1. What list of ³J(HN,Hα) couplings, whole Hz, do you get for the stretch 8-22 from phi and the Karplus terms 6.51, -1.76, 1.60, once you set θ to phi - 60° and write x for glycine and proline?
2. Residues of the stretch 14-33 with amide nitrogen under 14 Å from the 7 Å Cα-to-Cβ point of R42?
3. Working from Cα positions, state the angle (0 to 90°, nearest 10) between the long axis of helix 48-62 and the longest principal axis of the chain.
4. Output the relative contact order of the stretch 6-67, whole-number percent, from Cα pairs under 8 angstrom with separation of 6+ residues.
5. Per residue and in cubic angstrom, what volume does the convex hull of the Cα atoms of the chain have?
6. Taking amide H positions as placed 1.01 Å from N in the peptide plane, with prolines and chain starts having none, which residues 5 or more places from I64, or on another chain, fall under 5 Å of its amide H?
7. Would you please give the residues with an amide H less than 5 Å from that of L6, counting only those at least 5 places away or on a separate chain, with H modeled from the backbone geometry?
8. What does the charge dipole of the chain about its Cα centre add up to, to the nearest 20 debye, if the Cβ of each Lys and Arg holds +1 and the Cβ of each Asp and Glu holds -1?
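Since every read-out is calculated from the coordinates, none of them should be taken as a lab result. Worth saying up front: this structure is predicted, and the values here are computed from it rather than measured. Cβ placement follows ideal geometry from the backbone for every residue including glycine, while neighbour counts extend to all protein chains displayed.
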Amino acid sequence: MPSRPLTDRFARVHRSLRISIVDKCDLRCTYCMPEDQHFLKREELMTREEIGTIARVFVERYGITRSS
Ligand code: SF4
């Protein structure tokens, strides 16, 4: 049972979670990436286990039911 729902600043409840497993993206939207974006080295990215841990926390604490 989640301890509380995940809400944004408009009090909207969110049930889905998107986790980016790398920091690279070819689209480079200006609101997301600065022009001089410096990408992390592979060893600085989260491991599969760390990503799994984060996903579990969101499911257990915030009631997330979907991911992509
Ligand atoms: S907002 Fe744009 S640049 Fe950022 S991850 Fe999404 S598609 Fe890529």
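1. 3J(HN,Hα) across the stretch 8-22, in whole Hz: 9, 5, 9, 6, 7, 7, 10, 10, 10, 9, 10, 10, 7, 8, 9.
2. 22-23
3. 40 degrees
4. For the stretch 6-67, the relative contact order is 54 percent.
5. Numbers: hull volume 8.0 nm³, N = 68.
Hull volume over Cα atoms, normalised by residue count, gives 118 Å³.
6. For I64, whose amide H was placed from the backbone, the distant partners under 5 Å are V59.
7. Under 5 Å from the amide H of L6 lie the amide H atoms of H14, each far enough along the sequence or on another chain.
8. Details: 13 positive and 10 negative charges, 95 e Å.
Once rounded to the nearest 20, the dipole reads 460 debye.
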